[in-house]
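Read-outs throughout are calculated quantities, based only on the coordinates presented, and are distinct from any laboratory measurement. What you see is a predicted model, and the numbers here were worked out from it, not measured in a lab. Here the Cβ positions follow ideal geometry from the backbone for every residue, glycine too, while neighbour counts run over all protein chains shown.
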Amino acid sequence: MSSYPEMTCPTPVSTPRRGAARTLLLTSLGALTLGLASAQTAAPAKPAPTTPRPAATSSATTQAASAIAVEISAAIKGQIITCPATLKLSPRAVCLYTQSGAASLRPVIAGKFSGRTVGAWTTTAKTSTLLLSERAGGPLGAYVLLSALNDKETLVAVDAAQVRPATPAGVVKGQPYVLGRDLVGVVNVVSQGAGVFRLSTAEGQSLTVTVGRVNAQATGGTVVLPQVPATDGKNLIFPLDGLRSLGCTTTPAGSNLTVSCGSDSVGLKPIVF
């Protein structure tokens, strides 16, 4: 029986060319895997900025101010924006941005509301103000404020006009006063005409005062009031400390006062001009 040599499979030999190819393949796969992981963990790209929407007018905007703002916007081609806090406007205000200078806007707005302007423009270094009525011959409706951003850009604000009563003649600013009508329940106030008023209490104390005069006639004789009484044409405006001449006292109650005359008392808010 013949003997044959044992057959064995040769062990594959890694040639330099094959090793280099394998190394290149593994490196490429590693780089691809790392790139995919980085893409998954990277923060999403921010969307491109969009043009902000015009601000909406406040629900508190009065009808008069809103109507005037619409008319002005059409005349000057303004865009509604949020009112800057630095202007200290009320929640009723409507603000417009326009690419026109304040000097050119003043005649345009005044002409648009011809017959409805109350007085003329009040102008300072960077602002101009104009009062407007709701309609020709009607009540004061709003005011227009021009705030110059530069020579060619202006912020236009339309706000409800706050009508403050004029300071009556004779009153001292900073001193507290009360309206005669606010004393109902503790002091009876009766106008006797010609600026003369009579004040009386349930306890029998009385005081006759004359607008513009510091001397008054009390039950026991003449007294000197701390300030002269005044009137707004209808109501007596009486110095708070003058109630002592009627035997009344005042007690602070928060921002208000309690006025007591004998067994009667009433709460009221003093007026300080």
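List of remarks:
- Counted by neighbouring Cβ atoms within 10 Å, the residues D151, D159 run from fewest to most as D151, D159.
- Hits among lysines - C-alpha to C-alpha of K269 under 24 Å, sequence gap 8 or more where chains match: K173, K234
- Among V156, V186, the ranking by other beta carbons within 10 Å of each residue's beta carbon, starting with the fewest, stands as V186, V156.
- Set of lysines with alpha-carbon distance to K77 below 19 Å, sequence-local pairs under 8 removed: K112, K152
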